[in-house]
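These notes are about the structure you will find just below.
The values are calculated or read from the model by the stated rules, or taken from the named source; none is laboratory data. Fair warning: this is a prediction, and the values are worked out from it, not measured in the lab. Glycine gets a Cβ as well: all are built from the backbone with ideal geometry, and neighbour counts include every protein chain shown. Accessible surface is based on the protein model in full, side chains and every heavy atom, while ligands, DNA and RNA are left aside. Shrake-Rupley method; radii C 1.70, N 1.55, O 1.52, S 1.80 Å.
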Amino acid sequence: MKIISINAGSSSLKFSLFDMEDKKVIASGLFERIGIEGSSYTIKYNGEKIKEEVELNNHTDAVKILLDKLVTLNIIKSLDEIDGVGHRLVHGKDKYKESCLITNEVVNDLTLFKDFAPLHNPANVLGIEAFKEVLPNVPMVGVFDTAFHQTMDEESYLYPVPYSWYKEHGVRKYGFHGTSHRYIAKTISEKLGKKDLKIISCHVGNGGSITAIKDGKCVDTSMGFTPLAGIMMGTRSGDIDPSIITYIMEQEGLNAKEVIDDLNKKSGLLGLSEISSDMRDIVNAMNNDDEEGVKARRAFLKYTRTVTNYIAQYYVLLGGVDAICFTAGLGENSEPFRKKVCDNLACLGVKLDNEANKVMGEFKKISSDDSTIPVYVVPTDEELMIALDTLKLIS
Ligand code: ADP
């Protein structure tokens with residue numbers, strides 16, 4: 001049985017083809033600059049990688065070429081081998097509490113909810129429509145980023161604003177990266193052989209969110225109404241005092257959308273360091289004995305402080321914790337980032353094993369044996385989670 005996981009963006013389409021017998025990726029790749037000059041695709045399979053420039057006017061072109069290449073490169077014998085297509089979908093509001101088969105209603109809802117994810121929901125629809133056209137008889141499953149967080153209670157998801165904003169306009173915390181946090185909860189639970197765990201899952205990449213999980217269910221999460229909230233990120237501010245927005249509008253003569261744009265794209269590590277949005281650049285500059293070093297250190301310290309604060313908050317919310325898990329670009333790879341956060345948590349009895357903390361991109365316990373809370377690196381795999389949900393729903 002073979003399943004394709006799809007992540008469609010406004011001008012890109014990422015895929016992974018899984019053999020569900022052994023849950024391994026047979027081929028993966030990316031179609032880029034769809035509808036833009038200079039479009040191309042990359043396909044990796046069997047230890048090989050091919051990249052070709054090709055005209056891609058729309059997502060349907062990309063899907064046609066993808067399926068054609070899977071056959072002509074002998075990755076599959078015929079399209080009949082594809083049993084299901086799983087789509088990463090971003091925003092399902094409070095209607096979608098779990099993954100589901102994609103029907104016309106789902107497609108209509110994605111469009112209806114587009115104001116909640118203006119970049120992502122319309123792109124997700126393009127991906128679905130393209131597969132519907134090219135593989136009309138293959139079932140499709142939608143896996144929402146927001147679904148896992150639907151178990152939050154009112155105390156977690158409501159904002160202390162006029163209640164009518166929630167009732168009439170849907171203003172509440174939705175949370176994101178849900179598929180990744182769900183994968184982390186499932187994996188750590190399997191590895192430790194226990195179901196009733198209290199977990200703090202730290203998905204820290206370019207974007208990042210921290211989630212408190214109890215018995216496999218989300219209790220609270222750091223992202224909010226949009227992915228701008230929560231911890232400081234690569235280019236996003238995370239939580240700030242909302243009055244800053246109107247103040248900067250007046251001071252800089254900007255409109256609200258322009259300020260929000262700056263909070264999304266010019267803030268976070270990039271904004272505070274004035275060096276880069278990439279933690280590797282920040283860490284490289286941190287030991288410099290000059291102005292660069294000062295800028296890098298202030299960005300690093302603020303970043304790790306905001307992550308620490310959420311972990312501490314969720315430790316209290318969960319009433320203790322059985323495992324802190326780090327995942328995504330930084331969580332899986334950045335030794336100095338994890339060290340600083342864990343050192344900040346020393347008063348809770350967290351102790352790092354500095355040798356184990358050198359790990360990159362592999363499952364590993366990185367706390368020492370006398371740490372009161374075990375800390376793990378757990379590589380995330382949203383594509384596999386999408387494929388597993390698809391398998392379950394089409395079986
Ligand atoms: P996205 O949120 O866009 O999916 P990723 O999860 O790929 O992002 O994370 C990207 C970030 O992870 C980079 O900006 C970088 O700061 C960090 N990162 C990736 N690899 C490393 C590494 N080897 N060491 C330190 N940081 C890394």
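Tabulated data
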{"item": "Which of 60, 124, 47, positive extreme of dipole for segment 1-145 (C-beta unit charges)", "result": "47"}
{"item": "Debye intensity ratio in log₁₀ form over the Cα atoms of segment 118-157, taken at each q of 0.16, 0.26 Å⁻¹", "result": "-0.57, -0.91"}
{"item": "Compactness of segment 204-280 - radius of gyration and Dmax, Cα, Å", "result": "14.1, 49"}
{"item": "Accessible-area ranking of 79, 66, 391, largest first, probe 1.4 Å", "result": "79, 391, 66"}
{"item": "Most to least accessible of 298, 305 (protein chains only, probe 1.4 Å)", "result": "305, 298"}
{"item": "For segment 193-233, alpha-carbon Rg relative to the globular expectation (2.2 N^0.38 Å, N residues)", "result": "1.26"}
{"item": "Computed accessible area, residue 69, all protein chains, 1.4 angstrom probe, square angstrom", "result": "50"}
{"item": "Under 15 Å from the Cα of residue 77 - aspartates and glutamates, other chains or at least 8 residues apart", "result": "19, 68"}
{"item": "Selected from 233, 360, 223 as most flexible by GNM, with the chain as the system and alpha-carbon contacts under 10 Å", "result": "360"}
{"item": "Overall Cα dimensions of segment 160-204 - principal axes, largest extent first, Å", "result": "44, 21, 14"}
{"item": "Semi-axes of the equivalent ellipsoid for segment 1-114, Cα gyration tensor, largest first, Å", "result": "25, 20, 11"}
{"item": "Computed over segment 257-395, Cα set: Rg, Dmax in Å", "result": "17.5, 60"}
{"item": "Most mobile of 317, 73, 110 in a GNM of the chain (Cα contacts under 10 Å)", "result": "73"}
{"item": "Given the chain, longest segment not containing exposed loop GluC sites (Glu not before Pro) (DSSP; at most 16 other Cβ within 10 Å)", "result": "99-273"}
{"item": "Gaussian network model of the chain, springs between alpha carbon atoms under 10 Å - residue of 124, 104, 57 with greatest fluctuation", "result": "104"}
{"item": "Mean separation of Cα contacts under 8 Å (6+ apart) over length of the chain, as relative contact order %", "result": "14"}
{"item": "Ellipticity estimate at 222 nm from DSSP helix runs (n ≥ 4, -39,500 (n - 2.57)) divided over the chain, nearest 500", "result": "-11500 deg cm²/dmol"}
{"item": "Share of carbon and sulfur in the accessible heavy-atom surface of segment 63-141 [1.4 Å probe, %]", "result": "53"}
{"item": "Along principal axes, Cα extents of segment 177-320, largest first, whole Å", "result": "53, 38, 24"}
{"item": "Stokes-Einstein D (µm²/s) once Rh is taken as the Kirkwood radius of segment 278-329 over alpha-carbon pairs, at 37 °C in 0.692 mPa s", "result": "258"}
{"item": "Within the chain: Cβ-based charge dipole about Cα centre, in debye rounded to nearest 20 (Lys, Arg +1; Asp, Glu -1)", "result": "720"}
{"item": "For the chain, radius of gyration divided by Kirkwood radius, i.e. Rg to Rh on alpha-carbons", "result": "0.97"}
{"item": "Solvent-accessible heavy-atom area per residue, rounded to whole Å², over segment 148-225 at 1.4 Å", "result": "43"}
